[in-house]
Every structure is written in structure tokens, then in C-alpha cells.
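Shown next, in C-alpha cells, is the structure this report addresses.
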Amino acid sequence: MAVDKRGRKLPKGIQQRYEGYEGRFMYQGKRYLVHGNTITETQKYMTELKYKLEHGIYVTKEKITLDEWHKTWLEEYKKNRVKIGTYTNYEKYYQSIIKKRLGSRQISELRGEHIQKLYNDLVKEGYALSSIKIVSAVLNGCLKQAMKNGLIERNPVKLAELPRQTGKKKERMAMTKEQQDLFMEYAKESYLYHFFAVMLRTGMRKGEMQGLKYSDIDKKQKLIHVQRTLKYIEGKGYMEDTPKTRTSTRDIPLTAATLEHIEAQRKYWGFKVVRMDQYLFCNEEGGPVSRERIQAEIDRTINRIREAGHDFPRITSHVFRHTFATRAIEAGMQPQVLKTILGHSSLAMTMDLYSHVLPDTKAEEMEKIANAF
């Protein structure tokens, strides 16, 4: 008779496993397995399965591998329901991380310990927690549907625990006012000068800036209509997608200063004809400006700043969005207004930015309430 981890005897046919208990029994010469979180639950599953077998209502699970089911899940359940970018991300993470580790396993044999080992191995290999969470989300969605379809008894992803955040969480970076002015001064030579200026004045995401068209500029209503984002799909190039979230489709007030940069950009390449459906920030041929070219221009500008004897950190395009938010907070913009302009899906995301404002701003705000005590 089997015993548990404390040495106590277990009921006949039940063994303790890494994530719970496993029940085994033979029926007409064939062995059957069930799993439960507790002994009582496992006994219940054993009784239910025996009943189904004895009354001829048990349907044998097909021997489907995770590779086979994942392909079906993506094509039949996700392709027409999620954004292009999301679909591509699901496929990328599966092919690069999950496939070689679990792809050949039958989904009916996957257990919580297999998922837990995957998480643990990814931690050892240096994967970021954010990447492991995406892996978990892909597996959970895939196997949750398999359970709904009756292909597996339960979802093993629910039996594993994600690793805890280790080390200090990386803080959002924003340029100081001095750094911002310095960057824009040395960026005047860049063909993306107006791109950087508009991003700093609107807080738009890089993909939203890349996808901005002349038809999105509403001079009459003084608005910028954010209606799309550009996504790079391996093997297909840049494709238009809906913005990141439902609230990312939004209108941003068009200030006079922002309009000046937009009008200057309209004339920059000297196109004889500018179509309304043409991308505002494009390359010399009128096509999408790539993420590589954007980062290359940021790096070139920083190199010029450093060559002039100034100390300047390396930044990415997302820093411009955080810088806009920081300037907005410093100027006293209300959280709900900032949330709408940034296109955040929740106020909590916007409020998190308020906890990352520059130290001087925090000190100033504390001084305002000093006399209240």
C-alpha cells in the first residue's frame, strides 16, 4: 500500500504526486488514471470514471499531441478572434519556447509538474518573468479549450505556479526636461526630427506613430485620430493592426505646435502628390519607416550629443511616451485626462505612472501639503 509524503497510508490505487494525487485502476485488462488535488477528490474521479466505463458512456481520449492541438486552437479558435499582433505573438512564443520542450507530448498526459518544470527551466535559462507569463497564457488558453472540448480531464496549467519576481522591478525611464531639450536640439539634423517632436507632444506609441496617416489629422476639429498601429510580421513585412487595446482607439487634441511639425513633415520628402492614405512618417519612398530605422536615428542623435561632451543615457522610442506622461503630470494634468490621451485600458496603469514622477516633482508636491499638519 502506498504512503504519502508524511508516511501515512493511502487508499488502494492512490499515490501522491507532485501536484496532488493520482488514482489508478484496471478495467477489462486496461489501466486508467485520474488526478485530483485531494484524496477525496481523486476517489470521486475514480468512482465517476468506473461508472462511465461500466455503463458504456466513457469516450476514449484521442492521442493528440500538444503540437497538433495548438495548431488547431490557433487556426479554429484564435485566428479570427484576436489581433494580428496577438496571433503572431502566440505563434512566436509557442514555436520558440514551448514546442521543443512540450510539443511532442500528448495533451492527455500533460501534468502540472511538466508545466512547473517548464517555468523553472525558463528561469534558469534567464527568461524574463514577463516572457514566462506570456508562455503561461498561451498554454493556459490552449489547454483550457482542450478541456472544454472534452479532450482532457483538467487544465494542468492551473496546477503550476509562476515564478516570483526576483530583484528590483525595472523602473520606467523618462527624460528630464534638460535631456529632452538636449535631444531635440541635436535631432534637428535627423529626418525623423518631426517624428520625435510629435511623439513627445502626444505620448503616442511607436506603432501608432508609424501607422499615422494624413487622413487621421483633423485640422477642423483639431484632433489626431489614433485608429491603427503597424506591426512587423516575420515573412510578411509591416501590416496594419487595430491599436493595442479597445481604449487605444482614441482622439488626441491637436495643438498648434504639433500641427506645425505635422505640416513640416508633409513637405519633408518633397513628394509631388501626397495621398490622404499615405503614412505621415514614412521613408524616402513613401513606405513605412521601420522600427530599426527609428532606433538607429535615436542612437545617432545620442552619439552626436555624447561627441559634443554631454552625458546621455541610451533610450528607446518608448521613453518618449513616458517623457510625455511625466511632463503632463508635472504640469498638473488630471489622471483621468492623461489616461484618455495615452489610451490606457485602466486608470491603475495611469496612476502607476504617477508613482514614477521625477524626484524633484515629488518633493515639490510634499512641500504643498507641509503646512497641513
Return yes or no: is L33 free of Cβ contacts under 8 Å to residues at least 60 places away in the same chain, in contact with a strand residue (DSSP E or B) (Cβ under 9 Å, 6 or more places away or on another chain) and assigned to a helix (DSSP H, G or I)? no
Based on what the data block shows, is I115 out of contact with any strand residue (DSSP E or B) (no Cβ under 8 Å at 6 or more places or on another chain), touching a residue at least 24 places away in the same chain (Cβ under 8 Å) and crowded, with 16+ Cβ neighbours inside 10 Å? yes
When you scan the stretch 300-344, how many residues do you find that are under 17 Å from Q179 (Cα atoms) and free of Cβ contacts under 8 Å to residues at least 12 places away in the same chain? 5
For the stretch 259-282, indicate whether the set of residues that are in a loop (DSSP other than H, G, I, E, B), in contact with a Leu (Cβ under 9 Å, 6 or more places away or on another chain) and not aliphatic (A, V, I, L, M) is non-empty. yes
How many of the residues making up the stretch 254-272 are closer than 22 Å to L230 by Cβ, at pLDDT below 90 and surrounded by fewer than 14 Cβ atoms within 10 Å (Cβ to Cβ)? 1
Looking at P243, is it at pLDDT 95 or above and of a type outside the set (A, V, I, L, M)? no
Output the residues belonging to the stretch 204-246 that are over 21 Å from the mean Cα position of the chain (by Cα), in a helix (DSSP H, G or I) and surrounded by fewer than 16 Cβ atoms within 10 Å (Cβ to Cβ). Y214, S215
E178 fails exactly one of the following numbered conditions: (1) of a type outside the set (V, I, T); (2) in contact (Cβ under 8 Å) with a residue 40 or more places away in the chain; (3) surrounded by fewer than 21 Cβ atoms within 10 Å (Cβ to Cβ). What is the number of that condition? (2)
Here's a check for you: in the stretch 78-88, which residue that is outside any helix (DSSP H, G or I) and charged (D, E, K, R) is surrounded by the most Cβ atoms within 10 Å (Cβ to Cβ)? K83
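Within the stretch 307-322, work out how many residues are exposed (fewer than 13 other Cβ atoms within 10 Å of the Cβ) and more than 28 Å from H344 (Cα to Cα).
Number of matching residues: 4.
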So, first residue assigned by TED's automatic domain parsing to the domain that holds M239 in the stretch 80-105, second residue crowded, with 18+ Cβ neighbours inside 10 Å and in a helix (DSSP H, G or I), Cβ within less than 6 Å, six or more apart or across chains; the pairs are none
Among the residues of the stretch 94-132 satisfying the criterion of being hydroxyl-bearing (S, T, Y) and farther than 22 Å from Y32 by Cα, which is farthest from the chain's Cα centre (by Cα)? Y119
Name the one entry in A256, A264 that is free of Cβ contacts under 8 Å to residues at least 24 places away in the same chain, aliphatic (A, V, I, L, M) and either within 23 Å of I233 (Cα to Cα) or assigned by TED's automatic domain parsing to the domain that holds S190 (or both). A256
Select from the stretch 275-292 the residues that are on the phi < 0 side of the Ramachandran plot and loosely packed, with under 15 Cβ neighbours inside 10 Å and list them in ascending order. R275, M276, D277, N283, E284, E285, G287, E292
All positions within the stretch 65-77 that are buried (at least 17 other Cβ atoms within 10 Å of the Cβ) and either within 22 Å of the chain's Cα centre (by Cα) or modelled with pLDDT under 90 (or both): H70, W73, L74
Taking into account only those residues within the stretch 14-49 that are among the polar types (S, T, N, Q) and surrounded by fewer than 17 Cβ atoms within 10 Å (Cβ to Cβ), which is farthest from E153 (Cα to Cα)? Q28
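The values are calculated or read from the model by the stated rules, or taken from the named source; none is laboratory data. This structure is a prediction, so every number in the text was calculated from the model and none was measured. Neighbour counts run over all protein chains shown; Cβ positions are idealised from the backbone, glycine included.
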